[in-house]
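Asker: First, the structure itself, so that you have it in front of you.
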Amino acid sequence: MLGCGVVGSQVARLLREQADELAARIGAPLELVGVAVRRPNRHPDVPVVEVIGGIEPVRTLLLDALRGGKSVVSANKALLAEDGATLHDAAAAAHVDLYYEAAVAGAIPLLRPLRESLAGDRITRVTGIVNGTTNFILSRMDATGSGFDEALAEATALGYAEADPTADIDGFDAASKAAILGGLAFHTRVTAGDVYREGIGDVTAADIASAKAMGCTIKLLAICERASGAVSARVYPAMLPRSHPLAAVGDAFNAVFVEADAAGSLMFYGRGAGGAPSASAVLGDVVAVARNRRNGSRGTGESAYAALPILPMGDVATRYHVALDVADRPGVLAGVAGAFAEQQVSIQTVRQEGRGDAATLVIVTHSAADAALAKTVDRLTGMDFIRGVASVMRVEGMPGE
């Protein structure tokens, strides 16, 4: 086992505590023969075989294992999203397994259903809350009206946020998971570099209030969908109707909403992180690998036959919520509407909040291409009656989308 931190220590514990049951399920005992850790002095009671850390040397170690005929179970989402293709190719060449259920959504059984249970269906869209830290922060902002910094401080104090939360709040963690989900769902190789990414650092209490006024909440969403013969993969904060199943997912929980042609809508919900939940997913893969080895077989490998192109973010269509600080005078609404019309962005609703120097115009669009909306915002920024663009946020899950 490589690593014996939050997850690894729980894997070792469960292997010891459930040894008899695991042996009965597999038909042979599981023996932990060695553990590689970065700081051996922290684990004096564990046999150490190697030093470990980062993308490298992990990638090299896993490739050596696969090429040596050993199956691999991994929870390393960053490595899988960056270079999963190399690992899959090595596993296929050696006729061994590469499993990674714990890489996305912790204990939630998600990747195997996408890979196996839904193999007879056509998945059209996957929408998920896959980062517990950001979901806790946004949930607290929604519940208390607090600002981002205050909610982040609370998340840090409770242990939901790392000392350096950049990977979470800037969306890197969710983007890695979106790449893995998109690859499995659409039988196409998707890397983290293919995923459009925005974090939650710019979400304000005013955005939360505007979402509430629309009957929405704000969530950091990982979205993968098949459209126009291509795959779209993106991560960003978005307004979501409170009637949507994902809207009720609070605190540090994860949930993924899957839409398929025959199965319809499915939702997977549970604890997305933590030592014991992630260890549960790791051991599930270990049991599967051990069963395959005992039976002389191999599990389902990579399916990337579709090889669909990645849709550029500028071509992705969604709805938008745009808040503008405007001069409170006649003709402003007509000028704003004209800027949207120039780019053929259709307006669904408009409302004005405040008067005089506090006037804000709030516009919700119909579905429009991201590039068209960006050009519209650029045009609005140059108008003399626009004091500033207070907020631009996408709106997902609305009826009729």
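The values are calculated or read from the model by the stated rules, or taken from the named source; none is laboratory data. Since we're looking at a predicted model, the values are computed, not measured. Backbone-built Cβ (ideal geometry, glycine too); neighbour counts: all protein chains shown. To get the accessible areas, we keep the full protein, side chains included, count just its heavy atoms, and leave off ligands, DNA and RNA. Shrake-Rupley method; radii C 1.70, N 1.55, O 1.52, S 1.80 Å.
Asker: Filter the stretch 180-200 for residues that are open to solvent by 10 Å² or more (accessible area, probe 1.4 Å), in a loop (DSSP other than H, G, I, E, B), within 22 Å of residue 108 (Cβ to Cβ) and touching a Leu at 6+ places or on another chain (Cβ under 9 Å) and give the result.
Answerer: 187, 190
Asker: How many residues are outside any helix (DSSP H, G or I), of a type in the set (Ser, Thr, Tyr) and crowded, with 16+ Cβ neighbours inside 10 Å if we restrict to the stretch 260-302?
Answerer: Residues that pass the stated criteria total 1.
Asker: Under 9 Å between Cβ atoms, which residue pairs at least 6 apart in sequence (or on different chains) link something in the stretch 358-384 that is free of Cβ contacts under 8 Å to residues at least 24 places away in the same chain with a partner that is of a type in the set (A, V, I, L, M, F, W, C) and assigned to a strand (DSSP E or B)?
Answerer: 381/389
Asker: Here is a list of conditions, (1) open to solvent by less than 10 Å² (accessible area, probe 1.4 Å); (2) under 20 Å from residue 100 (Cα atoms), and residue 177 meets all of them except one; can you say which number that is?
Answerer: Among (1) open to solvent by less than 10 Å² (accessible area, probe 1.4 Å); (2) under 20 Å from residue 100 (Cα atoms), the lone unmet condition for residue 177 is (1).
Asker: Further question: All but one of (1) farther than 30 Å from residue 247 by Cβ; (2) modelled with pLDDT of 95 or more hold for residue 60; which doesn't?
Answerer: Failed condition: (2).
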